[in-house]
1. Looking only at strands (runs of 3 or more DSSP E) that lie completely in segment 28-76, which have at least 3 residues being under 22 Å from S284 (Cβ atoms)?
2. Could you list, in sequence order, the residues of segment 280-296 that are within 18 Å of the chain's Cα centre (by Cα), touching a residue at least 40 places away in the same chain (Cβ under 8 Å) and not in a strand (DSSP E or B)?
3. Can you tell me how many residues in segment 280-296 are closer than 24 Å to H208 by Cβ, loosely packed, with under 15 Cβ neighbours inside 10 Å and at pLDDT below 95?
4. Which of (1) buried (at least 19 other Cβ atoms within 10 Å of the Cβ); (2) over 22 Å from N332 (Cβ atoms) is the odd one out, the single condition N120 does not satisfy?
5. Give the residue, chosen from L307, L273, L277, that is touching a residue at least 24 places away in the same chain (Cβ under 8 Å), touching a strand residue (DSSP E or B) at 6+ places or on another chain (Cβ under 6 Å) and buried (at least 21 other Cβ atoms within 10 Å of the Cβ).
6. What single numbered condition from (1) without any contact (Cβ under 8 Å) to a residue 40 or more places away in the chain; (2) touching a Pro at 6+ places or on another chain (Cβ under 7 Å) fails to hold for F336?
7. Would you confirm whether any residue within segment 210-230 is under 15 Å from K297 (Cα atoms), assigned to a loop (DSSP other than H, G, I, E, B) and free of Cβ contacts under 8 Å to residues at least 12 places away in the same chain?
8. Which count do you get for residues in segment 155-185 that are in contact with a strand residue (DSSP E or B) (Cβ under 8 Å, 6 or more places away or on another chain), of a type outside the set (K, R) and modelled with pLDDT of 85 or more?
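The values are calculated or read from the model by the stated rules, or taken from the named source; none is laboratory data. In this text, all values refer to a predicted model and were calculated from it rather than measured experimentally. Here the Cβ positions follow ideal geometry from the backbone for every residue, glycine too, while neighbour counts run over all protein chains shown.
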Amino acid sequence: MKKNLLILSALFCSAILIMYILIRHAEPDRIYANFTRDYHKFKLLPIDTILFPGRVSIMKADQGNIYGYVYNQNSIFRYNSFSHQTDTFFAKKNLPVNIVTRLEIDTITNKFYIFDDTGNKVITYQPDKNKIDSILFRKNNKGVSGDSLENNFFLSSDYDTTKKILQLKLRNFSFPGKDSVLHQFPFFEDGGLSADGFFVRNLHSHEHFYIPFYNGKIIKYDDQLNKISSFHTIDQTKSGNITVKTGKIYTRSSKSIVINSTAAVDAKYLYILSYVLTQDAAASGYRGPAIDVYHTKTGNYEGSFRLPGFENRPVIQLARYADKLIAVYENNILIFKLNIYEK
C-alpha cells in the first residue's frame, strides 16, 4: 500500500513539475525533428478573451459553455459564450474531492464526470438536477453507484506493482472487477513515470486517446469496435527512461524533455500541442510550440498551426467544440474560430 502511494505521489509530482516549467516560462531542452510542418490547412481567427478567477488547470468546452477548474479555489467555473457571463458551476463546498485531476462531459446526456487525485473516485453530476447523482469508487474490488450510468467507462493508467509496469486499462467504475488491460508500456525501472501522459476522448466518435508527455507514440482505443491501435507523431521519439531514483522514490530527471503538453479532439482530428522543433522553426528562429493535427481514423499528419503569444504566458489546456478552438493561458482563456481548408 505504501509503495502504491509513493508511486501515485511521484506521478502527481511529475505533472506538477511539468506545469511549473511551463508556467515559469523556463526554456526547456527541445527535441529536434527532421521535418517541415505544413501551415496551410488550419487557420485561427481570434474571437474573444475571458478572464477566469484563477489559474485554470483543467478545461472543457461544450455547447457554448467553457468549464474551467481553478485549483487554488477547488471550484469549477463556467463561462457562457452567448451571455458572456461567468459563474460558479461547482463550488468547493459541493465538491467532495480534495483535488480534481480530470473532467469529462457526456455531451449526449449532459452528464459531468469529475475525477479525484487518486484515480479511484469519480463524481457524476447533471446540472439540470443541480445535485450530485452518484459517487463511484474502487474499494475491495467493488463499485458503488447511485444510479444507472451511461458511458461509465474510461481509459486509466495504473501501475502494476507486481509486474513493475504501467498499464493502460479500460476502467468500469460500476463494475471495477471487469477492468481490462488494453496495453502495457515498455518496462523501465521508473515507477511508471516514463510512460506518464494524459487522456482525451470524443464521445461521438467513440475514440479515446492516451498521449504521453515524453515520447511520440499515441495510443488509441475505439470503444465501439473494442479495438486498440497506435500511431506516431511527426518527431517519432521513442520511449526511454526519463527518471532518477533516490531511495524508494523515482523522480523526473532534469534531462527529460517534455514533447506533448496538452491536446484536444473532435470527431475528425486530434490536436496536440507539441514542443518539438522542426526544420521550419529552426530556420525562422521560432522557439514556441505548435499544434500538430492528426486524423483520428488513420493517425496521418494533417497539418499544423501556431497559437499567438499572450502576455508571455504558456498554453496550459486546449478544448474544441463546433468551429471553435479554446486555449488556456493560465487564468486567461482565448477563443478562436478554427478555419479548416479541406482539399
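1. 42-51
2. Of everything in segment 280-296, just one residue is within 18 Å of the chain's Cα centre (by Cα), touching a residue at least 40 places away in the same chain (Cβ under 8 Å) and not in a strand (DSSP E or B), namely T296.
3. Looking only at that region, the number is 0.
4. In the conditions (1) buried (at least 19 other Cβ atoms within 10 Å of the Cβ); (2) over 22 Å from N332 (Cβ atoms), N120 misses (1) alone.
5. Criteria check complete, one pass: L273.
6. (1)
7. Yes; the residues of segment 210-230 include at least one that is under 15 Å from K297 (Cα atoms), assigned to a loop (DSSP other than H, G, I, E, B) and free of Cβ contacts under 8 Å to residues at least 12 places away in the same chain.
8. 17
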